[in-house]
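Before any comments, here is the structure.
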Amino acid sequence: MSELTNKEEVLMNQNVAPEQFDWDSFESGLDAEARKEKSDLEEIYKGSLNDLEDNDVLVGKVVRLTDKEAIVDINFKSEGVISLNEFRYNAGLKVGDEVEVMVDRREDKTGQLQLSHKKARTLRAWDKVNELHQSGEVVNGFVKSRTKGGMIVDVHGIEAFLPGSQIDVKPIKDYDQFVGKTMEFKVVKINPEFKNVVVSHKALIEADIEDQKKEIIAQLEKGQVLEGTVKNITSYGVFIDLGGVDGLIHITDLSWSRVNHPTEILEDGQTVKVVILDFDDEKTRIQLGMKQLEPHPWEALDANLKVGDKVKGKVVVLADYGAFVEIAPGVEGLIHVSEMSWSTHLRSAGDFVKVGDEVEAEILTLDRDERKISLGIKQLTNDPWADIEAKYPVGSKHNGAVRNFTNFGVFVELEEGIDGLVYISDLSWTKKIKHPSEFCSVGDKMDVVVLELDKEARRISLGHKQLTENPWDVFETKYAEGTVHSGVALDVFDKGAQVQFEDAEVEAFCPSRLLEKEDGSKIKKGETADFKVIEFNKEFKRVVVSHTGIFREEERKNVKDAAAKSSSEEKTTLGDIDALAELKKKMEEGK
């Protein structure tokens, strides 16, 4: 038999039919009237809870404060609780203050209604921030802390980002100085998706500057003198803040003196007086000057200064072609490299002076109208050409250094400022030189003799071969036409052969047709043979020889001798015949 259920046991014990038993009273422990009252309260409670939407912002009153919480009455069946952490921005919160709240949780595990002031404040703040972004209205914000790249700012309960570049118009190095301060900002960007807000304090400053700029620009005139602050220094000039408007002083307009870098004259933040030199039509590019406020240095230059006077100064700029020397503040003269030495070999100016050197020079030209002056250093020493005729008379012998080559000769320096030319034809009596580099090298010492001297043109003609006797005077007799000499074929080519005799200086040429030997072959390279001189030209140092001509002439001589002998023999035979005939005749007559 199955066991009875609880309900069956109850019914049996009470002897009551199931359809007549009040199960609700049995299970709840309340009678019908009590249950109705409970149901009515639940409906009221549910209805009031349903009226509280999660996104609704309500206004409540602080009724009590504890160490950790604020108890807020929102006219609900029970009071709500908010953590005091949500009121850290409001240190003066007190009982009786009205605050905006949202329902966070309708009941926690203890049945307590949980409210959030932060959520309500944030929701209201988003609406307000969007309004501020659209209207461009200025808002106060509290700088809470530093973060990477900028600052965190509380704007109506929303944490907004203030980039470092948007704090001020000037670069900011110390961000900590702004933490804990309340400042004015402009909402410049909102990203609803990521709940990001970007604010700027710089935008407000720029707006003020723009207003000031328009006002200043409207009053600008060329020649106007203003006071400004050094804002930025570059290698080419200095930017000056004129009170919201920037102008540029080019490096050349800083001082009448030479300026290598603007930092030699000005420094950041310095206050200076400037004059407006020029600007564009919109007055956005303003050209300023400082040196124009001072008299031009040329106006203060000694009026008695003239060409030929000696002056002292400092080298301020150096170039390959010369050096600029400041002889008075703002007054510079050029010493061209050609005026640094009497030497005709132009070098770099850096070989003579360097920047910062104190030098003495002579004024060569002076043009006060054009404000130009040229100087010379070499004029302070004697001109080596002044007594050239005494030092280097024609026929005198000297030793100099080979300075450089040309296709037609060699320049030899006798002393600084005195160069002479040795023509290629005056290098050697015997060698055939195509270029001077075949004979000597730059820097070599060379013995020379003065051949010609032209003081006015500053020219000296030198010779090297003239220091020795001309061997061709001897060769003229030794290698006269018709003489025969033994020689070596140094080189054999299509047109002939180069032949060298016992005198190494003498090289002869043998045409190809005259290289043929008696056996019909031709002389080869390196072969030694006899050669007959058929042409000798002392002026052009030309010798033409022939090998074939030697044995051909002998052949001709032999033929000639044979012919002569034959003729003699013929005459003798005929004579004998005549004599015999005559003898026969006489004999016959005698008979």
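The values are calculated or read from the model by the stated rules, or taken from the named source; none is laboratory data. What you see is a predicted model, and the numbers here were worked out from it, not measured in a lab. Every residue, glycine among them, receives a Cβ derived from its backbone with ideal geometry; neighbour counts consider all protein chains shown. Just the protein is used for accessible areas: all its heavy atoms, side chains included, with ligands, DNA and RNA removed. Shrake-Rupley method; radii C 1.70, N 1.55, O 1.52, S 1.80 Å.
Annotations
- Shape call, segment 263-406: gyration tensor on alpha carbons, a/c limit 1.5: prolate
- Built amide H within the under 5 Å cut-off of Lys189, gap 5+: Val198
- Solvent-accessible area per residue in segment 235-378 equals 53 Å², computed with a 1.4 angstrom probe and all protein chains kept.
- Of the peptides 219-228, 156-165, 532-541, the order by per-residue mean of other Cβ atoms within 10 Å, starting with the highest, comes out as 156-165, 532-541, 219-228.
- Most simply put, segment 387-463 has about 90% antiparallel DSSP beta bridges, counting only bridges with both residues inside it.
- Shown for segment 199-246 is the translational diffusion coefficient from the Stokes-Einstein equation, using the Kirkwood radius over Cα pairs, a temperature of 10 °C and a viscosity of 1.306 mPa s: 131 µm²/s.
- Span from the segment 158-190 Cα centroid across to the segment 387-407 one, whole angstrom: 82 Å
- Cα-based Rg / Dmax (Å) for segment 220-293: 11.2, 32
- Taking amide H as placed 1.01 Å from N in the peptide plane, the amide H of Arg258 sits under 5 Å from that of Gly330, each at least 5 places away or on another chain.
- P(r) for segment 309-380, from all Cα pairs and a bin width of 5 Å, is 4, 19, 31, 26, 14, 4, 1 %, short bins first.
- Sulfur and carbon atoms: percent of accessible area, segment 88-239 [1.4 Å]: 46 percent
- Projected over all directions and averaged, the alpha-carbon convex hull of segment 136-206 occupies 4.5 nm².
- P(r) histogram, all alpha-carbon pairs of segment 387-463 included - 5 Å bins from 0, percent: 3, 17, 30, 25, 15, 7, 2, 0
- For the pair segment 495-542 and segment 455-490, the centres of their Cα atoms are 19 angstrom apart.
- Portion, in percent, of the accessible area of segment 309-380 that falls on carbon or sulfur, probe 1.4 Å: 49 percent
- Peptides 330-342, 476-488 ordered by average Cβ neighbours within 10 Å, highest first: 330-342, 476-488
- Restricting the calculation to Cα atoms, segment 385-540 yields a radius of gyration followed by a Dmax of 20.4, 71 Å.
- Per residue, segment 57-121 exposes 61 Å² of solvent-accessible protein surface, assessed with a 1.4 angstrom probe and all protein chains in place.
- Entries of Lys306/Lys354; Lys118/Lys144; Lys214/Lys291; Lys478/Lys541 with Cα pairs more than 20 Å apart: Lys306/Lys354; Lys214/Lys291
- Taking the average, over residues, of other Cβ atoms within 10 Å as the packing measure, peptides 244-257, 89-102 rank 244-257, 89-102 from highest down.
- Anisotropy class assigned to segment 57-121 is rounded, per the alpha carbon gyration tensor with a/c under the 1.5 cut-off.
- Note on segment 471-554: Cα-Cα pairs beyond 21 Å make up 21% of the total pair count.
- Accessible area (Å², per residue) of segment 471-554, counting only protein heavy atoms and a probe of 1.4 Å: 55 Å²
- The mean sequence separation of alpha-carbon pairs under 8 Å and at least six residues apart, normalised by the residue count of segment 214-257, gives a relative contact order of 27 percent.
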